[in-house]
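K.L.:
Dropping the structure in here first, questions after.
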Amino acid sequence: MEIYFITGNINKVREAETILKDIKIKNIKIEYPELQGTLEEVAEFGAKYCYERLKKPLIVEDSGFFVEALKGFPGTYSRFVYETIGNEGILKLLKGVSDRRAYFKSVIGYCDENGVQLFSGVVKGYVSSEIRGDKGFGYDPIFIPEGYDKTFGELGIEEKSKVSHRRKAFEKLREFLLKKI
Ligand code: ITT
Ligand code: NA
């Protein structure tokens with residue numbers, strides 16, 4: 001079985017491959033408008049939009065990093081915030097803040113001739129006090145998942161992919177795909 005994953009983020013593809021194993025992923029990039037909305041809205045719109053063009057079963061994935069003490073910021077602005085103030089900026093905003101709770105959320109939009117299905121996953125944890133590890137991408141070097149004392153950036157893709165938001169969402173997708181055959 002194979003599925004198209006429409007994304008410009010190669011790290012997501014590597015993680016999806018680590019998680020899905022026997023389901024082959026074909027990565028292509030199709031520019032699709034990212035509406036300002038919830039992860040669910042972005043994933044649903046993007047999946048439909050890309051399906052209209054490709055006409056083959058495909059997924060898109062919209063994800064974000066939500067910091068409790070910042071009322072969920074950067075959330076749906078995660079990409080822009082990462083590219084502007086970055087991890088150092090987030091740590092500055094949290095200087096002296098004791099509530100370090102944060103979570104990652106992933107929403108996969110799957111689309112085929114029957115329409116869209118969404119699959120989501122969340123991983124809870126904490127913002128570290130410093131940038132640690134160079135193995136991940138994005139906010140990985142400042143996120144410590146619950147039950148660990150290392151950041152995703154220190155843990156690396158195999159360990160991260162055992163507990164990540166992406167793991168949970170892709171597991172649901174996998175069950176759905178395997179039921180179809
Ligand atoms: P697409 O082409 O798939 O949209 P993207 O990089 O724009 O790729 P998202 O909009 O889903 O991806 O994610 C927004 C940002 O959130 C992303 O650029 C990262 O900085 C961050 N992010 C998402 N998932 C992450 C993860 O697992 N670990 C660390 N940061 C992550
Ligand atoms: Na995106």
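K.L.:
Looking at (1) open to solvent by 20 Å² or more (accessible area, probe 1.4 Å); (2) touching a strand residue (DSSP E or B) at 6+ places or on another chain (Cβ under 8 Å); (3) small (Gly, Ala, Ser), can you tell me which one residue 121 breaks?
P.N.:
(1)
K.L.:
Okay, next question. So, of the residues in segment 145-181 that are of a type in the set (Val, Ile, Thr) and out of contact with any Ser or Thr (no Cβ under 7 Å at 6 or more places or on another chain), which turns out to be nearest to ligand 2 (Cβ to nearest atom)? Spell out how you get there, then give the answer.
P.N.:
Of all residues in segment 145-181, those of a type in the set (Val, Ile, Thr) come to 151, 157, 163, 181.
Subset that is out of contact with any Ser or Thr (no Cβ under 7 Å at 6 or more places or on another chain): 163, 181.
On the way: 163: 22, 181: 29 Å.
For segment 145-181, the residue satisfying everything is 163.
K.L.:
Taking segment 124-169 as the search range and keeping residues that are within 22 Å of residue 17 (Cα to Cα) and among the aliphatic types (A, V, I, L, M), which one is least open to solvent (accessible area, probe 1.4 Å)?
P.N.:
Step by step, filter segment 124-169, then rank; the result is 169.
K.L.:
How many residues does segment 33-44 hold that are crowded, with 17+ Cβ neighbours inside 10 Å and within 12 Å of ligand 1 (Cβ to nearest atom)?
P.N.:
Looking only at that region, the number is 3.
K.L.:
Now a separate question. I'm trying to understand the selection: among the residues of segment 1-26, which are open to solvent by 60 Å² or more (accessible area, probe 1.4 Å) and within 10 Å of ligand 1 (Cβ to nearest atom)?
P.N.:
If we filter segment 1-26 for residues that are open to solvent by 60 Å² or more (accessible area, probe 1.4 Å), which is where we start, we get 1-2, 8, 10, 14, 17, 21-22, 24, 26.
Across segment 1-26, the qualifying residues are 8, 10.
K.L.:
Test each condition in (1) buried (at least 17 other Cβ atoms within 10 Å of the Cβ); (2) more than 14 Å from residue 173 (Cα to Cα); (3) among the hydrophobic types (A, V, I, L, M, F, W, C); (4) within 12 Å of ligand 1 (Cβ to nearest atom) for residue 73 and report the one that comes out false.
P.N.:
(4)
The values are calculated or read from the model by the stated rules, or taken from the named source; none is laboratory data. Since the model is a prediction, treat every value here as computed from it, not as a measurement. Every residue, glycine among them, receives a Cβ derived from its backbone with ideal geometry; neighbour counts consider all protein chains shown. These accessible areas exclude ligands, DNA and RNA; they are computed on the full protein's heavy atoms, side chains included. Shrake-Rupley method; radii C 1.70, N 1.55, O 1.52, S 1.80 Å.
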